[in-house]
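Participant: Structure in structure tokens, see below.
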Amino acid sequence: MSKPYIGGCACGAIRYEISAEPIAMNDCQCRDCQSTSGTGHGSYLTFPSREAVKLEGEARHWDMVGDSGNVKTRGFCPACGSPVYLTFSAMPDLFTIHAASLDDPGRYEPQMVTYTVRGHAWDRLDPAVPKFERMPPMREVANAPASGDPGKGRHAGAPARGPAGCRMVGPHLQ
């Protein structure tokens, strides 16, 4: 494993350190991510286990229901309002962070763009990154380059499916 992923909110009241490699890094152009980010997309790193996450500070939470009907919970700082992380009721082990919450956001390397059907012409993302109108088939996720490991699939042991066959990519469950 490389060095831990460290970050938090803008004011420093919430901090995290994650001692695992992400299983997915994606840009999402769904309306929920647009609203949360205040721009044309959200950028996320998803980790396979909350056990690798050290979280300090108290976040406020709000739940929303995704296209799948599954609940995702967004954690944000009550002091500065920064969005920091997401968790998923259907896949409780996963932990997703906002790329901009990293102390070193340069570590974020998007592997795919999801929900381009909701994208806007003014939100121009890297044309070399694979794009999907909604959720990609799992074989596409499995073949996406792993962070820091171009040309290889997702990390060994990464969950491909959750409860009831839900498929997961970044902040969305299908």
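Participant: Would you be able to tell me the number of residues in the stretch 6-33 that are assigned to a strand (DSSP E or B) and not aromatic (Phe, Trp, Tyr)?
Facilitator: 11
Participant: Answer with yes or no whether Ile14 is out of contact with any His (no Cβ under 7 Å at 6 or more places or on another chain), of a type in the set (A, V, I, L, M, F, W, C) and touching a residue at least 24 places away in the same chain (Cβ under 8 Å).
Facilitator: In short, yes.
Participant: Related question: Having 3 or more residues that are touching a residue at least 60 places away in the same chain (Cβ under 8 Å) is the bar; report the strands (runs of 3 or more DSSP E) wholly within the stretch 35-120 that clear it.
Facilitator: The qualifying strands (runs of 3 or more DSSP E) are 42-47, 71-76, 83-88, 95-98, 112-114.
Conditions (1) within 20 Å of Val129 (Cα to Cα); (2) touching a strand residue (DSSP E or B) at 6+ places or on another chain (Cβ under 6 Å); (3) at pLDDT 95 or above, marked per residue:
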residue: Met25; (1), (2), (3): yes, yes, yes
residue: Cys28; (1), (2), (3): yes, yes, no
residue: Thr36; (1), (2), (3): no, yes, no
residue: Ala59; (1), (2), (3): no, yes, yes
residue: Asp67; (1), (2), (3): no, no, no
residue: Cys77; (1), (2), (3): no, no, yes
residue: Pro83; (1), (2), (3): no, yes, yes
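Participant: Has the stretch 148-168 got any residue that is modelled with pLDDT of 55 or more, under 16 Å from the mean Cα position of the chain (by Cα) and part of a strand (DSSP E or B)?
Facilitator: Scanning the stretch 148-168 turns up no residue that is modelled with pLDDT of 55 or more, under 16 Å from the mean Cα position of the chain (by Cα) and part of a strand (DSSP E or B).
Participant: OK, next. Surrounded by fewer than 19 Cβ atoms within 10 Å (Cβ to Cβ) and either in contact with a His (Cβ under 6 Å, 6 or more places away or on another chain) or under 27 Å from Ser2 (Cα atoms) (or both): does that describe Ala100?
Facilitator: yes
The values are calculated or read from the model by the stated rules, or taken from the named source; none is laboratory data. If you're wondering where the values come from, they're calculated on a predicted model, not measured in any experiment. Glycine also receives a Cβ, built like all others from the backbone with ideal geometry; neighbour counts cover every protein chain displayed.
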